[in-house]
1. Averaging sequence separations of C-alpha pairs under 8 Å and six or more residues apart, then dividing by the length of the chain, give the relative contact order as a whole percent.
2. Once the principal axes of the Cα atoms of the chain are found, what is the range along each, listed largest first in whole angstroms?
3. So what is the 222 nm mean residue ellipticity for the chain from helices alone, if each DSSP H run of at least 4 adds -39500 (n - 2.57) and you divide by all residues, rounding to the nearest 500 deg cm²/dmol?
4. May I ask you to evaluate 6.51 cos²θ - 1.76 cosθ + 1.60, the Karplus curve with θ = phi - 60°, for each residue of the stretch 23-32 and list the ³J(HN,Hα) values in order in whole Hz, giving x for glycine and proline?
5. Within the chain, what is the longest stretch that has no chymotrypsin sites (Phe, Trp or Tyr not before Pro) placed in a DSSP loop and near at most 14 other beta-carbon atoms within 10 Å?
Amino acid sequence: MENSGERQMFKGNWKCSECGKEITELPFEPSGDRPLFCRECHSKKRPRRFGERRMFQGNWKCSECGKEITELPFEPSGDKPILCRDCHMASRN
């Protein structure tokens, strides 16, 4: 089976088991023995993989551009450079 990067979608006329919203497309073929949920209800029910991300407050400067940084998703150790969001994204590309 060739993987084009797109998921096969199944068309039909279903209703969300939680809120009753109409569902016309699903990424799987429903079996009929399990409840179906619209995207919004599914998102509310699905547990977050990593929970809420802890943010650290402080006064730092970006090692690349010098921009002030007041919040980071990690506690800096002091032995690695700190990058602002823009410089971090640029370094990933």
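1. Values: 96 pairs, mean separation 15.4, N = 93.
Relative CO of the chain lands at 17 percent.
2. Principal axes ranked by extent give 56, 34, 19 Å for the Cα atoms.
3. Working: 2 runs with 15 residues, N = 93.
It comes out at -4000 deg cm²/dmol, rounded to the nearest 500.
4. Each residue's phi maps through the Karplus curve to give 10, 10, 8, 9, x, 8, 8, x, 8, x Hz.
5. Working: sites that count: Phe28, Phe50, Phe74.
Longest stretch, sites excluded: 1-27.
Bear in mind that the values in this text are calculations on the coordinates, not laboratory data. Everything numeric here is computed off the predicted structure, so don't read it as measured data. With ideal geometry, Cβ positions are generated from the backbone for all residues, glycine too; neighbour counts draw on all protein chains shown.
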